[in-house]
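Each reported figure results from applying straightforward, stated rules to the coordinates on display, with no laboratory input. The shown structure was predicted, so the numbers you read here are calculated from the model rather than taken from an experiment. Neighbour counts run over all protein chains shown; Cβ positions are idealised from the backbone, glycine included.
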Amino acid sequence: MNTDKELLASEKQTVTSTPLVSTDSILVSGLGGQSRSRNLRAVAQVETSFTGGTGTALTVELIQADNAALSTNVTSLGTSGAIANGSSNVNVSAGKRLLDIPLPEFTQPYAGFRYTSATGAYGAGAITAGFVIGSETPQASRPVSESHGF
């Protein structure tokens, strides 16, 4: 997976209040079809495990808005759905990828991420999120070259 600092909306952003938007937004106006080329993906990954507080589940959304603060005419383009803590917060622990989707077509000039915690905020936890070129596909998920029935 290749990352670019200019394409990060959250870099080890602490998420201890809810809902919260990414610290930075990404200017996407003028992409003109580029959003689907070169295998660009929206990715959010846990950097510091989510623990403590009253949070019971975490939702990550790819959003777009009319302003850089991601507060005007916000629309959601993709979501992880509510990811429950699981036993010992295993589902929101460091290294877990919460969102990994192909970039959709944007209709507003700015993109970013929104983080929402169910039932209250966590005491600790951090996320890195942004756009990446390519993403790692686990070996088990790759097609087998001899499986085409020839």
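Could you tally the net charge around Leu99, taking each other residue with its Cβ under 10 Å from the Cβ of Leu99, Lys/Arg +1 and Asp/Glu -1?
With Lys, Arg at +1 and Asp, Glu at -1, the net is 0.
Can you classify the stretch 42-88 as rounded, prolate or oblate using the Cα gyration tensor, where a ≥ b ≥ c are the square roots of its eigenvalues, rounded means a/c under 1.5, and otherwise it's prolate if a/b beats b/c and oblate if not?
Note, shape of the stretch 42-88 comes out prolate.
How long is the gain from Asn91 to Ser71 if the chain were fully straight, where each residue apart is worth 0.36 nm and the alpha carbon distance is subtracted?
Separation in residues times 0.36 nm, less the Cα-Cα distance, equals 4.3 nm.
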